[in-house]
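These notes concern the structure reproduced below.
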């Protein structure tokens, strides 16, 4: 599936609306100034993305069902993910070189991922006139995004090889952190949803 320039612009706007809503929710929940943006969005094949997938990433993954069928991942380089969790949870005493991701930090990132993924995927479905539901989020550390996507793929999802990659920037109390939001959806879902996105999405 290839995006037209108008579809690319509409999809980028949807993602920005979604992360804007997530930022507002996170700011209200945590009492901190949080801004999110999507400076770049692209569509590619999952195997094309494999070469740039960080093998030491910390990721939150959820399955998506309804108007969109597939999986969504919010991922950070390990240091960035722990830094973000520290900023949000004020747990600066946790050591970066700890053998495993601290449970408290993991729970914070799980909630961040849950809020961001629900906001973005919900906005995408809503703008296309549909709805989605989500599985319980889970956190995975030291695992490439593509490994997560392929390891959780079911036989019925064999055509979930087209992915949308949205580079995502978190600005938390003057600390800028970059991550990636990846949607691996069935081609049929994307072919049905993307053409339904209207230009000028203020009503979504």
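In the stretch 113-132, the residues that are under 14 Å from residue 16 (Cβ atoms) form Cβ pairs under 6 Å with partners that are part of a loop (DSSP other than H, G, I, E, B), at six or more places apart or across chains, as follows: 123/204; 127/197; 127/201; 127/204.
Any idea which of (1) surrounded by fewer than 19 Cβ atoms within 10 Å (Cβ to Cβ); (2) under 14 Å from the mean Cα position of the chain (by Cα); (3) at positive phi is the one residue 70 doesn't satisfy? Condition (1) is where residue 70 drops out. Note on the stretch 140-169: among residues that are crowded, with 18+ Cβ neighbours inside 10 Å and assigned to a strand (DSSP E or B), the one that is modelled with the lowest pLDDT is 162.
Output the number of residues of the stretch 122-139 satisfying the condition of being assigned to a strand (DSSP E or B) and in contact with a helix residue (DSSP H, G or I) (Cβ under 8 Å, 6 or more places away or on another chain). Counting residues in the stretch 122-139 that are assigned to a strand (DSSP E or B) and in contact with a helix residue (DSSP H, G or I) (Cβ under 8 Å, 6 or more places away or on another chain) gives 4.
The values are calculated or read from the model by the stated rules, or taken from the named source; none is laboratory data. Being a predicted model, the structure only gives us computed values, none of them experimental. Quick reminder, even Gly has a Cβ in these numbers, built from the backbone with ideal geometry, and neighbours come from all protein chains shown.
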